[in-house]
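First comes the structure, then the notes that go with it.
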Amino acid sequence: MGNFLLVTIQVDLYDRLALNLEADLVQMVSKTNARGVLIDISAVSIVDSFMGRIIGNIASMSKIMDAETVVVGMQPAVAITLIELGLPLKGVHTALNVERGMDLLKSMIGTTEEEPEEEDDDYLTE
Amino acid sequence: MIISLSKDNVQVVKEQDVVLLRNRVKEVAIKIKMGLVNQTKLITAASELLRNMLRYGGGGFCLIEIVSKGRDNGVRLTFTDKGPGIPDLSLAMKDGYSTGRSLGLGLPGAKRLVNEFDLKSKVGEGTTVMILKWANG
């Protein structure tokens, strides 16, 4: 089993989908023994307070399942909007892109294991 | 003096309508050449208000208008529901206050993202929220 789960969100989620994603991800963390979750939101054009809360929830849930979460690929306009909205996503690790996110995850988990990680790609697309 | 150039009234009853309506708002924003950052702010504000309308107002209508004032064009959105109304408007506009289990950012957050914001509510009759974003605002 791989160490990381990679999730790319390809569409603007409506609430039910976002809640499903939250539940599915936590289940997958447990099923795959993942130590890290990388969420690519580069295709997401709107993050409102609900989506922000879901992202925060995923991070805290993964955390208590002993996995770190990194959100990558946020569009500049989304970042500007989030700050003005008053939702700075505290406690959520972020990186500019997938590569940097992977590096961040590796450094957080402390790659003390001998062999290089196998990445377990799990694309959730709707 | 603000003139309305086009009107489109959309009913919102279920959460899937939120995504649909966001797309409609995006279309009109692009039509008046609103920049991407302003578009994102407008749609995010709309998203917050739609969510409020669904959760507290039991759904309602959103009037999408292209408006103009002199040389400026903008998008005006008016959300109307026949829900229970908001008893204390100033409390509802406070950051972090929520009667639901949300973050309490919806109303004050939406206000920060747009150029004009107007909230009217009568207990037992419903709530109307108007937001306006200028293309270059």
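Some notes on this structure:
- When B:Gly137 is tested against the conditions (1) of a type outside the set (Asp, Glu); (2) within 14 Å of chain A (Cβ to nearest Cβ); (3) open to solvent by less than 60 Å² (accessible area, probe 1.4 Å); (4) without any contact (Cβ under 8 Å) to a residue 60 or more places away in the chain, the lone failure is (4).
- Test: residue in the range A:48-57 that is closer than 25 Å to A:Thr32 by Cβ, away from every other protein chain (no Cβ under 14 Å) and in contact (Cβ under 8 Å) with a residue 12 or more places away in the chain: no
- The numbered conditions (1) buried (at least 19 other Cβ atoms within 10 Å of the Cβ); (2) within 14 Å of chain A (Cβ to nearest Cβ) are all true for B:Leu132 except (2).
- Restricting the range A:94-126 to residues that are in contact with a helix residue (DSSP H, G or I) (Cβ under 7 Å, 6 or more places away or on another chain) and among the acidic types (Asp, Glu), the residue that is modelled with the lowest pLDDT: A:Glu126
- Counting the residues of the range B:1-11 that are without any contact (Cβ under 8 Å) to a residue 60 or more places away in the chain and either surrounded by 13 or more Cβ atoms within 10 Å (Cβ to Cβ) or over 24 Å from B:Ala135 (Cβ atoms) (or both) gives 3.
- Whichever residue in the range B:12-24 is assigned to a helix (DSSP H, G or I) and touching a Lys or Arg at 6+ places or on another chain (Cβ under 9 Å) and, among such residues, is surrounded by the most Cβ atoms within 10 Å (Cβ to Cβ): B:Val18
- Taking the listed residues B:Ile66, B:Ile86, B:Ile30, the one that is over 21 Å from B:Gly109 (Cα atoms) and in contact with a strand residue (DSSP E or B) (Cβ under 8 Å, 6 or more places away or on another chain) is B:Ile66, with no other qualifying.
- Boolean, B:Val123 is within 18 Å of the chain's Cα centre (by Cα) and either open to solvent by less than 20 Å² (accessible area, probe 1.4 Å) or away from every other protein chain (no Cβ under 14 Å) (or both): no
- Looking across the range A:84-105 at every residue that is within 10 Å of chain B (Cβ to nearest Cβ) and on the phi < 0 side of the Ramachandran plot, the one that is least open to solvent (accessible area, probe 1.4 Å) is identified as A:Leu85.
The values are calculated or read from the model by the stated rules, or taken from the named source; none is laboratory data. Predicted, not measured: the structure shown is a model, and the values here were computed from it. Because the Cβ atoms are built from the backbone with ideal geometry, glycine has one as well, and the counts that use them run over all protein chains shown. Please note that ligands, DNA and RNA were not included when accessible areas were found on the heavy atoms of the full protein model with its side chains. Shrake-Rupley method; radii C 1.70, N 1.55, O 1.52, S 1.80 Å.
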